[in-house]
């Protein structure tokens, strides 16, 4: 199986698992998060990048040390791409963890984002 096909399968599997547990019909609060919290739309993109990164690292089957080093370098790049510090990301994630309905909604959007990226990759 080629790498692209394995990545597609892995993304579909993650999407299915997240969909079966995360997506529900509850509406998240419309109260805006505090200014220090990463906006929901940006957090969705960051999390999607993280999940795609993890899937691709899993498929590479590198030794643990190489994988850990590569993961750290690539996650730092993602933080930089979105102009977000690691600390701000974790503080924002902690904020949304305390709001399960909002976090469910975020992960539903993450699944949608990953699915859209996958469909762009698999189009002939």
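Starting with the fewest neighbours, write out 50, 90 ranked by other beta-carbon atoms found within 10 Å of each beta-carbon.
Numbers: 50 16, 90 10.
Going from least to most buried by this count: 90, 50.
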Among 43, 62, which comes first, then next, by fewest other beta-carbon atoms within 10 Å?
62, 43
Per the Kirkwood formula on distinct C-alpha pairs, the Rh of segment 45-88 is how many angstrom?
10.8
Give me D for segment 39-124 in µm² s⁻¹, whole number, from Stokes-Einstein with Rh from the Kirkwood sum over alpha-carbon pairs, 25 °C and 0.890 mPa s.
175
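Laboratory data are not the source of any read-out in this text; all were calculated from the coordinates shown. Everything numeric here is computed off the predicted structure, so don't read it as measured data. For neighbour counting, all protein chains shown are included, and Cβ atoms are generated from backbone atoms with ideal geometry for every residue, glycine included.
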